[in-house]
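Shown next, in structure tokens, is the structure this report addresses.
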Amino acid sequence: MVARDIVIADPDRHFGPLLEHGWSLHNSEASHPDALVHELITLGDRLGTRVAGRAGLLEEIVQPLATEDAHPRSLSARYGLDALPFHIELSHRTRPCRYVLLACIDPGSPAAATMLLDWQTLGFSPEELDLLEGTPVLVRSGRRSFYSTILAPGGAFLRYDPGCLEAVDQRGRRVLAVIEDRIACASFVSHHWRQGDILIIDNWRVLHGRSPSDRGSGRRLARVLVDA
Ligand SMILES: [Fe+2]
């Protein structure tokens with residue numbers, strides 16, 4: 001039996017920390033995966049408009065994939081079951097989605113953590129911010145590839161995904177090196193999943209990554225992406 005009438009009792013409980021820290025966490029009481037996905041959709045609809053991920057679906061079940069099983073342009077195609085580096089979801093779109101919502105159906109065994117990193121804590125100097133906002137890089141997305149900057153005008157969002165960004169000149173190489181260096185020595189939060197956990201991430205502010213996983217670990221997260 002699948003619950004279809006879940007009411008989010010106290011939305012501020014989720015959205016207050018989201019505004020303050022760029023992410024929020026709570027544990028759902030949903031006992032069935034379908035009910036958990038439905039709760040995720042309800043939360044997503046409160047935040048904005050759901051958008052499709054790479055596979056064209058408005059809600060997805062994501063699991064660690066070996067390189068040969070992954071979408072050819074995804075991070076998993078490059079990194080497979082190794083750690084997935086910090087990135088902003090949908091960096092290959094002209095406007096990355098605003099929120100990423102994840103719900104843990106099964107943490108897997110061995111489990112893999114999700115890492116969170118607020119780019120505003122990376123300590124960029126004013127000169128580096130100018131470089132991030134003013135240096136074009138190539139955003140690879142097949143026939144839809146385009147040029148853009150890592151930092152949107154006014155710092156509205158960061159576009160960063162080592163799987164799709166490519167320097168086209170010396171400044172571009174420098175800007176990518178700057179951000180890689182900062183991320184490499186940043187302190188971040190590791191979230192270790194429990195079944196029923198729901199994580200809402202402000203994708204314009206907080207980068208996420210994944211610790212290494214194993215083939216057949218059983219880790220499954222539901223994912224909803226939201227424009228707002
Ligand atoms: Fe991601």
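The values are calculated or read from the model by the stated rules, or taken from the named source; none is laboratory data. Given the structure is predicted, the values throughout are model-derived calculations rather than measurements. In this analysis, Cβ positions are derived from the backbone assuming ideal geometry, glycine residues included, and neighbour counts consider all displayed protein chains.
Of the residues in segment 86-94, not one is away from the ligand (no atom under 14 Å from the Cβ) and either over 28 Å from D181 (Cα atoms) or among the aliphatic types (A, V, I, L, M) (or both).
For segment 1-21, filtering for residues that are at pLDDT 90 or above and under 24 Å from D106 (Cα atoms) leaves 1. Taking the criterion of being in a strand (DSSP E or B) and either touching a Lys or Arg at 6+ places or on another chain (Cβ under 7 Å) or within 20 Å of F15 (Cβ to Cβ) (or both), the residues of segment 218-228 that qualify are A222, R223, V224, L225, V226, D227.
Of the residues making up segment 103-136, those that are out of contact with any helix residue (DSSP H, G or I) (no Cβ under 8 Å at 6 or more places or on another chain), under 20 Å from G172 (Cβ atoms) and among the acidic types (D, E) are E127, D130. Answer with yes or no whether A77 is in a helix (DSSP H, G or I), within 16 Å of the ligand (Cβ to nearest atom) and of a type outside the set (S, T, N, Q). Against the criterion (in a helix (DSSP H, G or I), within 16 Å of the ligand (Cβ to nearest atom) and of a type outside the set (S, T, N, Q)), A77 qualifies. All conditions but one from (1) surrounded by fewer than 15 Cβ atoms within 10 Å (Cβ to Cβ); (2) within 16 Å of the ligand (Cβ to nearest atom) apply to R46; the one that does not is (2). Considering (1) modelled with pLDDT of 95 or more; (2) over 20 Å from M115 (Cα atoms); (3) in contact with a His (Cβ under 9 Å, 6 or more places away or on another chain); (4) of a type outside the set (A, V, I, L, M, F, W, C), the lone condition that S141 does not fulfil carries the number (1).
Scanning segment 95-113 for residues that are within 16 Å of the ligand (Cβ to nearest atom) and within 15 Å of D214 (Cα to Cα), we see that the one that is nearest to the chain's Cα centre (by Cα) is A113. Would you be able to say whether some residue in segment 204-212 is over 16 Å from I88 (Cβ atoms) and in contact with a Leu (Cβ under 8 Å, 6 or more places away or on another chain)? There is at least one residue in segment 204-212 that is over 16 Å from I88 (Cβ atoms) and in contact with a Leu (Cβ under 8 Å, 6 or more places away or on another chain). In segment 82-104, the residues that are at positive phi form Cβ pairs under 7 Å with partners that are not in a strand (DSSP E or B), at six or more places apart or across chains, as follows: L90/P96; L90/C97.
Does G80 satisfy the criteria of being over 24 Å from V226 (Cα atoms) and not polar (S, T, N, Q)? Steps first, answer last, please.
Values: over 24 Å from V226 (Cα atoms): yes; not polar (S, T, N, Q): yes.
Judged against the criteria, G80 is a match.
Anything in segment 121-155 that is outside any strand (DSSP E or B) and loosely packed, with under 12 Cβ neighbours inside 10 Å? List them, or say none. Let's see the steps before the verdict.
Quick first cut of segment 121-155, residues outside any strand (DSSP E or B) only: 121-136, 140, 142, 144-145, 149-150, 152-155.
Result: G123, S125, P126, E127, G142, R144, P153, G154.
Listed by first and then second residue, the pairs with beta-carbon distance under 7 Å, at least 6 apart or on different chains, first residue in segment 113-129 and within 14 Å of D202 (Cα to Cα) and in contact (Cβ under 8 Å) with a residue 40 or more places away in the chain, second of a type in the set (D, E, K, R) and in a loop (DSSP other than H, G, I, E, B), are D118/R205; W119/R205; Q120/R205.
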